[in-house]
Amino acid sequence: MTVKKDVDRILAEKGLDSMLFYSESYQNANMYYLSGFKAPDPFIFLKRVGEDPLMIVNQMELSRAKKEAGVKDVRSYHDYNFMQIVRSAPDPKVGGMKFVASVANKELGTRKPIFVAPSFPTMLGDVLRSEDLKIKPVFDVVEKARETKEPEEIKAIKYVQKTMEEATSKAIELVANAEVGANGTLFCREGGKRKQLLVGRVRSVFDHTFVDRGCVSEGETIIARGPGGADPHYTGKAEDILKADQPIVMDVFPRSVGNRYFSDMTRTVVKGRASKPVRKMFEAVLEARNAALDAIRAGVLGSKMQNLCYDVLEKAGYETIRGGKQISKGYTHGLGHGVGLEVHEGPSMGELAKSPLEEHNIVTVEPGLYDPKIGGMRIEDIVEVTKKGCNDLTKMEICLEV
Ligand SMILES: [Mn+2]
């Protein structure tokens, strides 16, 4: 992976001519995107517009960084007097920051503002400014470049999606094959014994499948049954007992361990018979999903997509959060979000979204309806936005009763 061309273009458009990052790269998606290097400790990444980037890493990481990073020019802290600068500071942590300032000074200079990400550490910013460096935090530079996926990124997301669909099929099969006991409690067979089917058991099916395929669930896979599902991000407790005739929301968002990409999908199923209100919710959500998939294409505003979804669901008789309305049931969230090195990234399809969708954005389309007495109903696909429409990366069928 090399530095994406878009980063330079966006920097230039914003009138900036250099950039500086100092971070580890497992949590910081921008740092991994720029460097292509996975490191648990901070390192320096900097570049000027139109020039090749430079990475400066601690001694221990030097040989690995030279082999693995997407950056050609990799140097060691020792090329920049690391020991001497740190020793001269009252505290090694402050010394480390003075070291970053010294590198930035040498490579980028104090004359022009240096772009840093909004998440740039405040303390480091203070040290840089005290050393006469000008830094300028700006939104949506690297994040904006990340929104438009290159073919290898889409390939990575497709792999996670495929794995996730395999896991979801297995989980749904477990629910579908469950026996229905007293009060609708679901039971499964485990080691010859009849056991209550708990959320933890279903989640374990997901997690094992992920691990077998080089993926991992970093958050908890959402398995929210019955009224609990009325909170869109209620994950479901391991000891929650699954029951027949209730909606079970399965919102799945693993990531690939190797290349760090996520995918995201939701299916809602009922073991047995869906009640009339549940079926009505399902049909309205499905209609909203279909309308959104028909309308989505490059150039459409995210807010327009959300308004379209409001229209469909309001017409079906449900309340929505249109205009910032506080509601206790109905459609309570945005239509979708970008997915990539973070499970939630840009572009957004909420009412406040200002920029148009672009070709090769990867976004979710996930209308949902929520009722504290009934639970949640959400259908989420992940799609690639194209010039004329979209390419649905989700192949998994949509089926309410199982
Ligand atoms: Mn989602």
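The values are calculated or read from the model by the stated rules, or taken from the named source; none is laboratory data. Source: prediction; values computed, not measured. Cβ placement follows ideal geometry from the backbone for every residue including glycine, while neighbour counts extend to all protein chains displayed.
Note on region 10-46: among residues that are assigned to a helix (DSSP H, G or I) and without any contact (Cβ under 8 Å) to a residue 40 or more places away in the chain, the one that is surrounded by the fewest Cβ atoms within 10 Å (Cβ to Cβ) is E13. Applying the set (1) more than 16 Å from the ligand (Cβ to nearest atom); (2) of a type in the set (V, I, T); (3) surrounded by 15 or more Cβ atoms within 10 Å (Cβ to Cβ) to T266 leaves exactly one unmet item: (1). Taking the listed residues V94, V49, V86, the one that is in the same structural domain as P137 (by TED's automatic domain parsing), surrounded by 18 or more Cβ atoms within 10 Å (Cβ to Cβ) and not basic (K, R) is V86, with no other qualifying.
In region 218-238, what residues are surrounded by fewer than 20 Cβ atoms within 10 Å (Cβ to Cβ) and touching a Lys or Arg at 6+ places or on another chain (Cβ under 8 Å)? Residues satisfying the conditions are E218, E220, P227, P232, A238. What number of residues in region 228-261 are among the β-branched types (V, I, T), within 16 Å of the ligand (Cβ to nearest atom) and farther than 21 Å from E342 by Cβ? Residues meeting the conditions: 1. The set of residues from region 289-310 being in contact with a helix residue (DSSP H, G or I) (Cβ under 8 Å, 6 or more places away or on another chain) and within 18 Å of M377 (Cβ to Cβ) comprises A291, A292, C309, Y310. Restricting attention to region 52-77, and to residues there that are surrounded by fewer than 15 Cβ atoms within 10 Å (Cβ to Cβ) and touching an Asp or Glu at 6+ places or on another chain (Cβ under 7 Å), which single residue is modelled with the highest pLDDT? Selected residue: D73. Pairing residues of region 278-300 that are more than 13 Å from V312 (Cβ to Cβ) with residues that are among the acidic types (D, E), at Cβ distances under 6 Å and at least 6 apart in sequence or on separate chains, gives A298/E358; A298/E359. I need the strands (runs of 3 or more DSSP E) fully contained in region 130-233, keeping only those with at least 1 residues that are under 22 Å from K271 (Cα atoms). Result: 186-190, 193-196, 222-225. Look through region 325-345, keep the residues that are of a type outside the set (A, V, I, L, M, F, W, C) and without any contact (Cβ under 8 Å) to a residue 24 or more places away in the chain, and return whichever of them is nearest to the ligand (Cβ to nearest atom). Restricting to residues being of a type outside the set (A, V, I, L, M, F, W, C) and without any contact (Cβ under 8 Å) to a residue 24 or more places away in the chain, the top hit is H344. Beta carbons closer than 6 Å, at least 6 apart along the sequence or on distinct chains, pair a first residue in region 122-147 that is free of Cβ contacts under 8 Å to residues at least 24 places away in the same chain with a second that is among the aliphatic types (A, V, I, L, M) for G125/I135; P137/V116. Closer than 21 Å to A156 by Cβ, away from the ligand (no atom under 15 Å from the Cβ), surrounded by 15 or more Cβ atoms within 10 Å (Cβ to Cβ) and under 19 Å from the mean Cα position of the chain (by Cα) - does that describe any residue in region 365-381? Looking for residues that are closer than 21 Å to A156 by Cβ, away from the ligand (no atom under 15 Å from the Cβ), surrounded by 15 or more Cβ atoms within 10 Å (Cβ to Cβ) and under 19 Å from the mean Cα position of the chain (by Cα), one finds none in region 365-381, hence no. Within region 220-267, the residues that satisfy the criterion of being at negative phi and either among the acidic types (D, E) or not assigned by TED's automatic domain parsing to the domain that holds K170 (or both) are E220, D231, E239, D240, D251, D264. Going by what's in this entry, would N105 be described as assigned to a helix (DSSP H, G or I), buried (at least 22 other Cβ atoms within 10 Å of the Cβ), touching an Asp or Glu at 6+ places or on another chain (Cβ under 9 Å) and not aliphatic (A, V, I, L, M)? Spelling it out, it is not the case that N105 is assigned to a helix (DSSP H, G or I), buried (at least 22 other Cβ atoms within 10 Å of the Cβ), touching an Asp or Glu at 6+ places or on another chain (Cβ under 9 Å) and not aliphatic (A, V, I, L, M).
Candidates G324, G346, G389: the one that is of a type in the set (G, A, S) and more than 30 Å from S169 (Cα to Cα) is G324. Count of region 346-355 residues, restricted to those that are touching a strand residue (DSSP E or B) at 6+ places or on another chain (Cβ under 8 Å) and either within 16 Å of the ligand (Cβ to nearest atom) or among the polar types (S, T, N, Q) (or both), is 6.
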